[in-house]
Amino acid sequence: MIDQASLAAAIADRASFAEAMFEEARAASADVEGVTRPAWSAADMAAARILEREAKALGLETEWDAAGNLYMTLPGQDRAARAVMSGSHVDSVPRGGNYDGYAGAVASLVVLAACRDLDVTPPVDLRAIAMHGEESVWYGIAYVGSRLAVGALPAAELDRLVRADSGRTLAEHIRECGFDPDALRKAPPPVTPANTRAFLELHIEQGPVLIDRNVPVAVATAIRGNVRFPYARCLGAYDHSAACPREYRQDTVLATVELVSRLERFWHEQEAAGAPDTVFTVGKFFTDPAEHAMTKVPGRTDFTLNFGATSKDFQEAARAEIHRLAEEIAVSRSVTFELGECVGSDPTPLDPVVRGHLRDAAAGLGIGSHEMATVGHDASIFARAGIPAAMVLVRNQNGSHNPHETMELADFIEGVKVLGGAMLAAAANP
Ligand SMILES: [Zn+2]
C-alpha cells in the first residue's frame, strides 16, 4: 500500500496537468466574462470530454451512463469490492467561475493520475465522476446529474424539467448530447451503496472563511439544506402614481419590501437565538419592464426567497414564517402573494468516518485545515442515497457564481492531497 506522503508528492507533480485542463475548459466555455456551461450543452460536454481524453491517455477505464455522467476508473485489486468514488459537476452558472464544480472533477482525475504515476493498484477500484446539472439555474432544481446517477430523479421529471435558456426538456437535451433518456426510465441506477463504499467531493469554498482563517482547506461538517421559493410573486393593481391616494393603493413593491425586510429580521432573531449556519437571500426582485413606469403604482412584483440552514427545525420555522407574513401583509396592503412552488432540500449530515479520513490526511500531511458547514453540493445526493459521503473545501478568492471567482493552484493541490489521502484510507477501510 502506498503511503500518503508519496501520493502527495505525485499529486504535486501533476499541478500543470490540472492547470492545463482548467485552461482548456475555460477556453471552451468562455463568455463575455467568466465561463458559461449550461447543463447538457456543448460547452458542458466539452469540459467532460477533456477529462475523458486525459483519462484514456492515462489508461483508465472510461464509461458514460445513460444520463451522460462520465466515470473514469483505476481498477483495484478486488474488482468486485465496492469502489471509492470522487468527483463533482462540470456545468456552471451563466458567466460564472471556472472552478465551481470543475475543480472537483479535475481533482478526482488528478488523484487517479498520481496513482498511475506511482504504479499503484489500490485495494478496490478508485472512480472519478464528472456530472451535469448541479446548478439549479438551468432546470430549476439542483443536482440533476447526481440524482440521475443514484436513481433519485423520478422519470417523469425528464419530460417536465425545462432548461431556462432553451425552453426544451431535460430528456431532449440529454438525447441531443448523444445519451439515452429512455434507458434512464428503465435501467437501474449506476451508483448504489452496493457498488460504492464512499463518495468524496472536493469543491471550492465559495466564501471568505478560509481566506480569513489563513488555511488552504476545510473539511465540511454538514451540507446546508434550503427552503426556496423560486417563482414567488405579489399581485396588486397598477394605478396612477400621483392620482391614487394611499388607502386605495395595491402597491406590490412596498408589500414585497415589507415581506423581505421582516424575513431579514426573523433571520437575525433566529441567529441571535442560536440557530447555526443560517443564510437568507432574495436573489431576484423585479417589476415587469413591459408594464412598469416611474409614474405607475406597481401592480406586480416577482421575487425569489431562499433560506439555507443546517437545522431542519430552522427550515420548518422559516417556511411557516414566510406563509404567516405573506398572509398578514396581503391583508394589510390589499395585495395577493402567490408564493408558488416551494423547493429545496433537507440539511445533510456528512459521514463521520469519511470526514475523519479527510481530517487525518490533512493532519498527517501537515496541511492547515478548518471545519465548517457548506452549501448544497452533489455530495448530499450520494449521502442521501446511503453512500457515506464527505467533502474537502478549498480556499478560493472572490466568492463564486460570478466571473471573478478564482483559486490558487497551490491551494487546489493541497486540497487534492487531502482528497487523495482520504480516498486511499477509504479504499483500505472495509
Ligand atoms: Zn458547485
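Bear in mind that the values in this text are calculations on the coordinates, not laboratory data. Predicted, not measured: the structure shown is a model, and the values here were computed from it. Don't worry about glycine lacking a Cβ; one is built from the backbone with ideal geometry, like all the others, and counts go over all protein chains shown.
Couple of notes before you dig in:
- Among GLY34, GLY344, GLY274, residue whose mean-square fluctuation peaks in a GNM of the chain (springs only between Cα atoms under 10 Å): GLY274
- Whole-Å distance, taken between Cα centres, linking region 227-259 and region 90-159: 42
- Relative to the current alpha-carbon distance between ALA363 and HIS323, full extension at 0.36 nm per residue lengthens the span by 9.8 nm.
- Cα-centre dipole for region 225-345 with unit charges at Cβ (Lys and Arg positive, Asp and Glu negative), debye to 20: 200
- Ordering of 248-254, 333-339 by burial proxy (mean other Cβ atoms within 10 Å per residue, highest first): 248-254, 333-339
- Restriction of the GluC sites (Glu not before Pro) in region 376-430 to DSSP coil positions whose beta-carbon has at most 15 other beta-carbons within 10 angstrom yields GLU408.
- Net length gained if the chain between MET294 and ALA46 were fully extended (0.36 nm per residue, minus Cα distance): 84.7 nm
- Within straight-line cross-link reach of LYS284, aspartates and glutamates at Cα separation under 13 Å, skipping those fewer than 8 residues along the same chain: ASP302
- Axis angle, to the nearest 10 degrees, between helix 252-272 and the longest C-alpha principal axis of the chain: 50 degrees.
- Which of PHE17, ALA273, ILE413, positive extreme of dipole for the chain (C-beta unit charges): ALA273
- Separation of alpha-carbon centers, region 368-422 and region 44-80, rounded to whole Å: 21
- Furthest towards positive pole of dipole, HIS203, GLY140, LEU358, structure part the chain, Cβ charges: GLY140
- Cβ charges +1 (Lys, Arg) and -1 (Asp, Glu), total dipole of the chain, debye: 520
- Share, in percent, of DSSP beta bridges within the chain that are antiparallel, nearest 5: 65
- The mean sequence separation of alpha-carbon pairs under 8 Å and at least six residues apart, normalised by the residue count of the chain, gives a relative contact order of 23 percent.
- When the Cα positions of HIS323, ALA242, LEU305 are compared along the charge dipole of region 225-345, ALA242 comes out farthest toward the positive end, with charges on each C-beta of Lys, Arg, Asp and Glu.
- Annotation: aspartates and glutamates with alpha-carbon distance below 15 angstrom to LYS312 (same-chain offsets under eight excluded): GLU271, ASP277, GLU321, ASP346.
- Inter-probe distance in nm under a simple model that places probes 7 Å from Cα toward Cβ, at LYS56 and ARG213: 4.1
- Using a Gaussian network model of the chain in which every pair of alpha carbons under 10 angstrom is joined by a spring, one finds that among GLY356, GLY236, GLY283 the greatest mean-square fluctuation is at GLY283.
- Straight-distance candidates among the lysines for linking to LYS417, with alpha-carbon spacing under 23 Å and chain neighbours fewer than 8 residues away dropped: LYS56.
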